[in-house]
Amino acid sequence: MKEKGKFIMLGALFGAAFVICLLLLWKICMEPLPGRERPVLSQAGEDAAEESSGGENHGSQDFDGSRDPEGAQAPDDGQNSGGASDLAESEDSVLLEKEKAEGGETNSLQPGQQILLSEYEAVEERFEAIARREDIEEAGYTVIEDQVFWRILESFGPEEQMFIPAMEDQYHRLAVFVADKEGNILWKTDQLETNYSFQGELGQPNKGIAAVSFQDINWDGLTDIVLISTCENETGSYAGTPYKIGDVLYQEDKSFYRDWRVSDQINRFGMNKSVDFIVACARDGYSTEFLYTATTLQELLDNGFEIFEQQHYKKNFEKLGTLEIVPGVFPVAEYDIFMIYLVNEEGNIAWSFQPMEDYDSLFSMMGMICQDLDGDGMKDLVIQARFSYEGPNEELIVDTRCLIYYQRTDGFVEDTEFEKLYQFTEKDRLKDDIVPKIRDFWGWEVEKND
């Protein structure tokens with residue numbers, strides 16, 4: 001028994017010693033190496049790690065331009081209409097940094113932010129200093145003389161007031177002014193959709209004004225302003241290609257305001273091509289949005305989509321199964337917006353094509369063929385049509401186009417090679433001229449029984 005007790009005591013001692021060794025080893029491992037400290041998350045780091053949200057509320061109006069005292073939230077779908085839909089998002093960040101600087105937090109600004117803030121403040125200071133008509137040029141703006149108009153703006157009084165658009169010379173930011181006959185500036189703004197084409201930048205691609213119209217948009221008896229600007233990027237895939245950005249200024253008591261939701265609809269879904277198009281959206285409630293968001297054929301029909309029955313039929317698309325080819329237009333204002341859908345047997349939209357690209361309207365549908373064009377055994381789609389758009393001198397220009405969509409295992413891809421080599425004309429016949437050339441491009445002949 002004594003021997004057994006001795007072994008138990010020795011075991012306990014060895015166990016205790018083992019535990020002490022483990023504790024010492026743990027302490028050594030946890031100590032920082034010489035010359036290094038454990039990282040500590042500061043309060044600033046914790047603040048930076050927290051997810052933040054908010055910002056200015058730039059849109060406290062209903063979609064029809066009437067005030068909404070409860071405010072509204074901007075749509076958050078990750079899209080941007082032509083790059084100009086998130087009202088003043090970039091300016092919000094600049095103003096936020098400005099507020100920090102005014103509160104003495106200048107150390108938080110990076111060198112690039114400091115430069116941007118300084119430049120923004122200089123532009124803002126020059127703009128705010130404009131009090132009379134002659135101050136516009138002195139502040140570094142050029143008046144767009146051919147778009148200056150005298151109009152009665154009811155809330156400003158019974159006399160006509162002068163509408164003056166001007167372009168800032170250095171950064172090409174558009175501004176509009178309302179002045180009386182003595183030249184006093186009664187109202188002004190540079191908070192326009194066209195000044196946010198390039199997010200986070202002061203410089204903008206504004207080139208001028210395409211159209212101005214004065215009419216009551218929201219049925220309140222006051223004259224509102226429809227404004228369409230012309231833009232052109234200097235770099236990127238769209239460099240040198242003019243495009244338009246639309247806006248509506250709603251009149252209230254001796255002032256105007258913008259509804260960002262109207263601007264978002266107008267520009268995101270291509271309804272900025274003319275005054276009539278914008279009025280159809282902002283005043284009459286028409287929208288092309290459903291063309292891009294509808295999930296069923298019935299939804300398209302319920303919203304006014306008109307099917308081209310002569311080109312409406314079913315085809316077996318191999319990998320995709322039997323689908324109904326549904327070409328047609330949505331007529332709005334003076335435009336016909338052309339789309340093609342593939343609909344399954346349940347009536348759901350399986351695929352959609354947007355052949356119009358950047359054109360204003362479908363001028364005429366010339367033909368459509370669904371055949372294998374590239375020799376992979378799967379049916380493709382080729383459309384021949386004429387599309388119209390407005391030229392630089394407001395003239396109507398019509399282009400003949402042939403759009404080719406090749407079927408792949410997961411859908412369709414648009415042709416990017418054949419059209420570069422072949423110039424389509426009105427005389428080309430789709431079946432006899434164009435299809436054989438496409439197949440020859442891919443290196444195989446037309447079968448006689450095809």
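The values are calculated or read from the model by the stated rules, or taken from the named source; none is laboratory data. Quick caveat, the model's predicted, so the values are computed rather than measured. FYI the Cβ positions are ideal-geometry reconstructions off the backbone, even for glycines, and counts take in every protein chain you see.
One residue stands out among those in region 230-275 that are of a type in the set (S, T, Y) and under 18 Å from Q147 (Cα atoms): the one that is surrounded by the fewest Cβ atoms within 10 Å (Cβ to Cβ), which is T230.
Name the residue, out of L381, L421, that is aliphatic (A, V, I, L, M) and touching a residue at least 40 places away in the same chain (Cβ under 8 Å). Being aliphatic (A, V, I, L, M) and touching a residue at least 40 places away in the same chain (Cβ under 8 Å) holds for just one of L381, L421, which is L381.
Scanning for something more than 30 Å from E232 (Cα to Cα), assigned to a strand (DSSP E or B) and modelled with pLDDT under 95, does region 63-81 turn up at least one residue? There is at least one residue in region 63-81 that is more than 30 Å from E232 (Cα to Cα), assigned to a strand (DSSP E or B) and modelled with pLDDT under 95. If you check Q147, Q113 for being at negative phi and not assigned by TED's automatic domain parsing to the domain that holds G200, only one passes: Q113. The set of residues in region 132-150 that are surrounded by fewer than 17 Cβ atoms within 10 Å (Cβ to Cβ) and assigned to a strand (DSSP E or B) comprises R132, T142, V143, F149, W150.
Taking the numbered list (1) farther than 26 Å from D410 by Cα; (2) without any contact (Cβ under 8 Å) to a residue 60 or more places away in the chain; (3) not in a loop (DSSP other than H, G, I, E, B) in turn, S287 passes all entries but (3).
G304 meets the conditions (1) in contact (Cβ under 8 Å) with a residue 24 or more places away in the chain; (2) in a strand (DSSP E or B); (3) farther than 26 Å from E394 by Cβ in every case but one. The failed one is (2).
Of the numbered criteria (1) modelled with pLDDT under 95; (2) acidic (D, E); (3) within 26 Å of V279 (Cα to Cα), the one E154 fails is (1). Each residue in region 179-218 was checked for being of a type in the set (A, V, I, L, M, F, W, C) and either not in a strand (DSSP E or B) or not assigned by TED's automatic domain parsing to the domain that holds G157 (or both), and 4 pass.
Report the residue count in region 375-393 for those that are surrounded by 19 or more Cβ atoms within 10 Å (Cβ to Cβ) and in a loop (DSSP other than H, G, I, E, B). So the count comes out to 1.
Check whether at least one residue in region 342-353 is over 18 Å from T293 (Cα atoms), part of a strand (DSSP E or B) and of a type in the set (V, I, T), and report yes or no. Checked against the condition, which is being over 18 Å from T293 (Cα atoms), part of a strand (DSSP E or B) and of a type in the set (V, I, T), region 342-353 yields no hits at all. Any residue in region 363-373 that is touching a Leu at 6+ places or on another chain (Cβ under 8 Å), more than 20 Å from E309 (Cα to Cα) and either modelled with pLDDT under 95 or not in a loop (DSSP other than H, G, I, E, B) (or both)? No.
Remark: pairs (first residue in region 252-279, closer than 27 Å to A179 by Cα; second residue modelled with pLDDT of 95 or more and polar (S, T, N, Q); Cβ separation under 6 Å; 6+ apart in sequence or on different chains) = D253/S155; K254/S155; V275/S213.
Condition first: under 24 Å from I337 (Cα atoms) and either modelled with pLDDT under 95 or buried (at least 17 other Cβ atoms within 10 Å of the Cβ) (or both). Can you find one or more residues in region 429-443 that meet it? Within region 429-443, one or more residues are under 24 Å from I337 (Cα atoms) and either modelled with pLDDT under 95 or buried (at least 17 other Cβ atoms within 10 Å of the Cβ) (or both). What are the residues in region 276-334 that are farther than 30 Å from D216 by Cβ and buried (at least 19 other Cβ atoms within 10 Å of the Cβ), if any? Scanning region 276-334 gives A294, L297, L300, F317, L320, L323, I325, V326, P327, G328.
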